[in-house]
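Please read the structure below before turning to the comments.
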């Protein structure tokens, strides 16, 4: 095995890879297509390997080097049945380990320290590391979970707009804006909602936060409910002397003012998920070399 | 035009018809396949006409009589764009009027009186008649509405079971039962939820009410939230001296104990929706005959 470690962040829109020496110094980066292992395993495997080869090329190394490196791949679904193991077997690395996207995000954010990570984008999910042991909750999707996700914020906005239209709850500038967008026809909202994917609902999340910041009563209600849900999940994970809570994802910054109760614990993430994957790959490399020494 | 009136309740599982004389005395009944006009207009038209012919046969009348009767058809979607008019043109009656399922249900429940009707089955919807004028709210489907529907009760149960599994909210006998049903694997609940139709979620509604009656904290929470939503919708419709509120649908009886605040106004429906359609058809018949006299 060469003294090279590759970390890969296998995401739903692209795979990003970075190659480092045994001290963790990054010497090359690569990017390829998406990894959606549960829906398209074959192309995910191709893209994961391709991003690694791009990183080798970027570092001025031969593509064949791929078979002598240690690699850690973080990808959503790695913990579903035997997907992780199937990918480990199929990848071209000397030593490859497949872990969840949550683990590389946590490693990137906290390094080797204990703490809690909450990720808020289209979905919402929480992971804690306490005494080195991992515990994850949430992330079940917006239909019956992900209470603080962008998708739920958008779905709630549609629901409250219809309630305002019916005169059941008060209207506000944000519900007026939604009704106007849909031609003041509730049927159009229903049509949208019944075919909307999580990302379709989630595109309303920034609008909800904007109006909430201006004091719009409906938007404040939606964000307050979501922040309450975040608090409940954090309380389920928190322990005395928990050193820090990191908020990640596209909505992290927007939620911060609504989580003032946790302000003393809130910390900026140290690094991103790709860096977390590299850190884990360097650990793997050093373990293997100690093992073979 | 003969002195015959046919009322038809065009439902998603079957069309039911009843034929009456000009005094409203029912002399025959018929039944045929479903009417889902928005998804299958052609077969809906066939089934509507077939149920009417069955009723004529049941009354000992020739099938050709169909072209000389007055008929009122109540069917979901009649108010969507021009569907109602398209059906009116296509039906074989001397005079046919197509109205919403909500209107025949209201007519059946209240007769010609003012009042409010709330219908609680797989969906939930409210209709009021005040000074003879109709006003309907709700019924937007469980994704972004129908807060007191069976579908929402079931979806809420799945969501709260996952929260209990994650330790975010307390577990209870009902969440334990759900988790056991799904092999204590949250992924199985997520899989169910992401493909579940409203009726799939709604099959849990009776279970929620059963546990709520026994004091299960989670079930009580779910039903209380739904009853609060019913209250909000009723308040949006209620007026001083509103004579009565009728609860209709498969969950009407189950909700009654949770709506004690409205007990003085709650009244049993006078008749069912099919009877409401017959009443409206008799009115139509008498109007036409007065018009042509």
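Summary of values
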| quantity | calculated |
| --- | --- |
| Spatial separation of Cα centroids for segment B:222-267 and segment B:161-184, in angstrom | 30 Å |
| Net lengthening on full extension, residue B:224/residue B:21 (0.36 nm per residue, minus Cα-Cα) | 68.5 nm |
| Ranked list, fewest to most other Cβ atoms within 10 Å of each Cβ, for A:106, B:110, A:259 | A:259, B:110, A:106 |
| Chain A, rotation onto B, residue closest to that axis via Cβ, with its distance in Å | A:143, 4 |
| Calculated FRET value between residue B:14 and residue A:200, using beta carbons and R₀ = 25 Å, to 0.05 | 0.10 |
| Equivalent ellipsoid semi-axes - Cα gyration tensor, segment B:19-149, angstrom | 27, 18, 13 |
| Position residue B:38, label points 7 Å along Cα→Cβ, spacing to each other copy in nm (shortest first, one decimal) | 2.8 |
| Alpha-carbon centroids, segment B:26-46 and segment A:1-55: separation in whole Å | 58 Å |
| Fewest-first ranking of B:207, B:143, using other Cβ atoms within 10 Å as the exposure measure | B:207, B:143 |
| Residue A:130-residue A:261 FRET efficiency (beta carbon distance; Förster radius 22 Å; 0.05 resolution) | 0.60 |
| Calculated SAXS-style log₁₀ I(q)/I(0) at q = 0.27 Å⁻¹ - segment A:183-239, Debye, Cα scatterers | -1.03 |
| Copy-to-copy label separations for residue A:63, where each label sits 7 Å from Cα toward Cβ, in nm and ascending | 7.2 |
| Fraction of alpha-carbon pairs over 24 Å apart in segment A:112-269 - percent | 36 percent |
| Residue A:3 paired with residue B:112, simple spin-label distance in nm, labels 7 Å along Cα-to-beta-carbon | 9.8 nm |
| Coarse-grained scattering of chain B at q = 0.08 Å⁻¹, given as base-10 log I(q)/I(0) from a Debye sum over alpha-carbon atoms | -0.40 |
| Spin-label model distance (nm) - residue B:286 vs residue B:29, 7 Å beyond Cα toward Cβ | 2.4 nm |
| Convex hull per residue volume in Å³, alpha carbons only, for the protein assembly as shown | 182 Å³ |
| Rough spin-label spacing in nm, given labels placed 7 Å along Cα→Cβ, for residue A:192 and residue B:232 | 1.9 nm |
| Residue-averaged beta-carbon neighbours from other chains (10 angstrom radius) around B:59-70 | 0 |
| Ordering of A:50-56, B:223-229, A:163-169 by packing [mean C-beta count within 10 Å, highest first] | A:50-56, A:163-169, B:223-229 |
| Shielding by partners, peptide A:176-187 (average Cβ within 10 angstrom, other chains) | 1 |
| Average partner coverage of A:164-172, which counts Cβ from other chains inside 10 Å | 4 |
| Residue-averaged 222 nm ellipticity for chain B, from DSSP H runs of 4+ at -39500 (n - 2.57), nearest 500 | -13500 deg cm²/dmol |
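Values quoted throughout were computed directly from the atomic coordinates according to the rules given, and no laboratory measurement underlies them. Predicted model, so just to flag it, every value in this text is computed and none were measured. Using ideal geometry, Cβ is built from the backbone for each residue, glycine included, and neighbour counts are taken over all protein chains shown.
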